[in-house]
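Novice: There's a structure below that I have some questions on.
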Amino acid sequence: MNKYEMMFIVKATMESDQVKATAENMKKVVSSCGGTVTEFKELGEKKLAYPIKKELNGYYFVMQIEATKEAEAELNRKAGLDENVLRHLVVKMDEE
């Protein structure tokens, strides 16, 4: 299993329960592929540096996961398909 860190930005114009549901959906994708979420941080709503899909603010989340390469690819794919996720980035963590 590899260690990854994922940061994603969710639309802030949605209801708060929809924002939380989108974040939970990202966690479920990891667990359904056999990975585990080791750390999950909610960074809150912030102003974006530039408009993304006509949105000026976004709700930021960061999670660290342990998963296989296939699970990471599936997470990347699902985040790209989810219209509520404005941007996402998955980075492989260095082994210590």
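Novice: Checking Met7 against (1) modelled with pLDDT of 95 or more; (2) out of contact with any Leu (no Cβ under 7 Å at 6 or more places or on another chain); (3) surrounded by 15 or more Cβ atoms within 10 Å (Cβ to Cβ): exactly one of these is not met. Which one?
Specialist: If we test Met7 against (1) modelled with pLDDT of 95 or more; (2) out of contact with any Leu (no Cβ under 7 Å at 6 or more places or on another chain); (3) surrounded by 15 or more Cβ atoms within 10 Å (Cβ to Cβ), just (2) comes out false.
Novice: Between a first residue in the range 32-43 that is on the phi > 0 side of the Ramachandran plot and a second residue that is polar (S, T, N, Q), which pairs have beta carbons less than 8 Å apart while being 6 or more apart in sequence or on different chains?
Specialist: From residues that are on the phi > 0 side of the Ramachandran plot, the pairs are Gly34/Thr68.
Novice: I would also like to ask the following. Taking Phe40 as meeting all but one of (1) surrounded by 13 or more Cβ atoms within 10 Å (Cβ to Cβ); (2) in contact with a strand residue (DSSP E or B) (Cβ under 7 Å, 6 or more places away or on another chain); (3) farther than 26 Å from Glu95 by Cα, write down the number of the exception.
Specialist: (3)
Novice: Can you tell me which condition Ser16 does not meet? The list is (1) surrounded by 12 or more Cβ atoms within 10 Å (Cβ to Cβ); (2) out of contact with any helix residue (DSSP H, G or I) (no Cβ under 9 Å at 6 or more places or on another chain); (3) not basic (Lys, Arg), and all the others hold.
Specialist: Condition (1) is where Ser16 drops out.
Novice: Residue by residue through the range 58-78, note down the ones that are in contact with a Leu (Cβ under 9 Å, 6 or more places away or on another chain) and under 16 Å from Thr22 (Cα atoms). Break it down stepwise before answering.
Specialist: Quick first cut of the range 58-78, residues in contact with a Leu (Cβ under 9 Å, 6 or more places away or on another chain) only: 58-62, 65, 67.
Those that are in contact with a Leu (Cβ under 9 Å, 6 or more places away or on another chain) and under 16 Å from Thr22 (Cα atoms): Gly58, Tyr59, Tyr60, Phe61, Val62.
Novice: Is it fair to say Leu81 is within 17 Å of Met1 (Cβ to Cβ) and of a type in the set (A, V, I, L, M)? Before the answer, list the steps.
Specialist: On the way: within 17 Å of Met1 (Cβ to Cβ): no; of a type in the set (A, V, I, L, M): yes.
Criteria not met by Leu81.
Novice: Give the range 44-77 a look and list any residue that's in contact (Cβ under 8 Å) with a residue 60 or more places away in the chain, surrounded by 17 or more Cβ atoms within 10 Å (Cβ to Cβ) and out of contact with any strand residue (DSSP E or B) (no Cβ under 6 Å at 6 or more places or on another chain), or say none.
Specialist: Across the range 44-77, the qualifying residues are Ala67, Leu75.
The values are calculated or read from the model by the stated rules, or taken from the named source; none is laboratory data. Here the structure is a predicted model, which is why all the values come from computation and not from measurement. Note that each Cβ is placed from the backbone with ideal geometry, even for glycine, and that neighbours are counted across all protein chains shown.
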